[in-house]
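These notes are about the structure you will find just below.
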Amino acid sequence: MAKGGQTPTDPASPWMREAWQLKDAGDVVAARRLATRVLAREPGPEDAAQARDLLRRATPPPALFGFAALAALLLVLLVGLAAARY
């Protein structure tokens, strides 16, 4: 369920309104695709700012991938140690 205050009160265009609604509904992939399409068609400054904001909010932080790689490495190390013991 969407939380209040996520979508701007006045989306710049119908495309951005649809993108924000998709994001709030949980379809982040479709929202990012639509925001990317809006940026590709050389939008006005307000549309571009909202599209960049949506992309920033919908993109996972890069540190998350580092922590996932570290966790996978530790898991492989522990399984290797357990296999070597028995």
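What the table below lists for this structure:
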| quantity | calculated |
| --- | --- |
| Relative contact order (%) - criterion: Cα under 8 Å, at least six apart; region: the chain | 23 percent |
| Label-point gap, in nm, between GLU42 and LEU75 - each point 7 angstrom along Cα→Cβ | 4.7 nm |
| Rounded accessible area of ARG33 (nearest 10 Å², 1.4 Å probe) | 140 Å² |
| Estimated translational D of the chain in µm²/s (Stokes, Kirkwood radius over Cα pairs; 4 °C; 1.567 mPa s) | 86 µm²/s |
| Mean Kyte hydropathy of 0.0 or more with a Cα span along the axis of at least 27 Å, helices from DSSP in the chain | 62-85 |
| Rounded accessible area of VAL28 (nearest 10 Å², 1.4 Å probe) | 50 Å² |
| Extension reserve of the ALA30-ALA82 stretch, reckoned as 0.36 nm per residue once the Cα distance is removed | 14.5 nm |
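The values are calculated or read from the model by the stated rules, or taken from the named source; none is laboratory data. Values in this document were obtained by computation on a predicted structure and should not be read as measured data. So basically every Cβ, Gly included, is an ideal-geometry build from the backbone, and we count neighbours across all protein chains shown. To get the accessible areas, we keep the full protein, side chains included, count just its heavy atoms, and leave off ligands, DNA and RNA. Shrake-Rupley method; radii C 1.70, N 1.55, O 1.52, S 1.80 Å.
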